[in-house]
1. Between ASP261 and GLN212, what is 0.36 nm times their sequence separation minus the Cα-Cα distance? Round to one decimal in nm.
2. What does the highest-first list of 220-232, 265-277 look like by mean Cβ count within 10 Å?
3. Around VAL62, under 9 Å between beta carbons, what's the net of Lys plus Arg minus Asp minus Glu among the other residues?
4. Cross-link list LYS85/LYS367; LYS171/LYS339; LYS61/LYS184; LYS85/LYS339; LYS75/LYS339: which exceed 26 angstrom alpha carbon to alpha carbon?
5. Excluding GLY245 itself, what net charge comes from residues whose Cβ is under 13 Å from its Cβ, given Lys and Arg +1 and Asp and Glu -1?
6. Among residues other than ALA87 whose Cβ falls under 10 Å from its Cβ, what is the net charge (Lys/Arg +1, Asp/Glu -1)?
7. Among CYS218, ALA264, SER282, whose Cα lies farthest out toward the positive end of the dipole of the stretch 179-295, if unit charges sit on the beta carbon of Lys, Arg (+1) and Asp, Glu (-1)?
8. Quick check: from the Cα gyration tensor, does the stretch 77-179 come out rounded (a/c under 1.5), prolate or oblate?
Amino acid sequence: MPSRTTHSLYTLTDSSECGSETEEVDPSKHLTPLEKLTAEMCKNENVLKELALGRRVSFYKVRGQIGSGNFSKVKLAFHALTKDKVALKILEKRRLDLQAQKMLSREIANMESLYHPNLLPLYEVVETQSRLYLVLEFAGDGDLHTRISTAGKLSDQESKIVFAQILSAVKYMHENNIIHRDMKAENVLYTSKTCVKVADLGFSRRVNNLNQALDTFCGSPPYAAPELFKDDSYIGPPVDVWAMGVLLFFMVTGTLPFRADTVAKLRRAVLEGAYVLPPWVSAPCQQVIRGILKPDPSERCALDQMVGCEWLLPVELFHPIPHLQQLNPIHLLEADPGKLDRDQEEVKAILEKLGITQEHIYNNQGKSIRSPITGVYRILLHRVRKSRGAESEPTISGVVKDPKRDSLRAYRNLRHTSKLCVIS
């Protein structure tokens, strides 16, 4: 008889012998949700069939496809314990050559090392004999490209709110020496009407320092910076900045600044750097776009200059960024008394109700993102923090409260020329 893939009650990892590690449960004993689920995954014929057919993966019930990429497809799924929706990025191992495997490993490592309200979070990685599953937050309101393509350009105010969030995410990535290299409207996902997250770190690259030279052409040609078309080495941050300028142009006009029916013609248009801004785009917004879309990367606006520009000065975007240590469930057990915040205390209580004990948490250490316990914990922590407004949309107050930003107001009426950009 072929062996069945089942799950151990204590380790919550794949095991070929369920009965060898799972204790017999007294039928009269009240089962916790975790005990009930693991028992079903060992003995319930319907659940075992779903696991064999790929309709279930670990603790996730898999539903229909919601997206696809060059090497992957994305499906909607539900966590069987927490009932939360997630997105499953599914990759067939046999289709991944050595380069694709290297990129995937880099993507997972970079996502593990980042935690920001405007970056799509990675909850868990599940691996089977033939597939690899990345469990991500489900962004149910679609992507920026689809929204603009169907409903038209964004208003000036909505553009400010969306662009400020993208800027915050990319700035955080660069502060952690990670370059995105595939910024485009398709990779900006809506989690609510006005809250967005930057996604798809498949081409991302960690560098030793932000001046490190790179030599791989990455991303979508309409968003590619001029230096990428010159088949020479380039510096990472200005490439992301250029793509953000193209993205902002697309948001406020509904069209791309550089368009052509062939890559060769597109290359020529980008290298020439000629584009036309419609008159309805506000003057402060035009100033940002012109400061970004400069052919010479050394003359482009830096991210800090964008934060302080006149167009974004009224936007309040201050989200605390928790420490990465808090993404590990062991933090609940090892934190000093009274050091857990309200969100963590609530998550700890929910885990206990689900039947996840200290023993489960300790037994799953060393597996990091590849632990189902980590997956449950991160999903719950994200849900609780989101319910308390940790990912609320930026506000446009017109009053700048940050002293650093206030100091920039003094320079609004001055003209300052630097190697990076021109502020007027």
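Throughout, read-outs are computed from the coordinates displayed, never taken from laboratory work. Remember, predicted model here, so these are calculated numbers, not experimental data. Quick reminder, even Gly has a Cβ in these numbers, built from the backbone with ideal geometry, and neighbours come from all protein chains shown.
1. Length difference between fully extended and current span is 14.3 nm.
2. Sorting 220-232, 265-277 by mean packing, highest first, produces 220-232, 265-277.
3. Neighbour charge sum, excluding VAL62 itself: +4.
4. Exceeds cut-off: LYS171/LYS339; LYS61/LYS184; LYS85/LYS339; LYS75/LYS339.
5. So the environment of GLY245 carries a net charge of +2.
6. Computed value for this residue: +2.
7. Of the listed residues, the answer is SER282.
8. prolate
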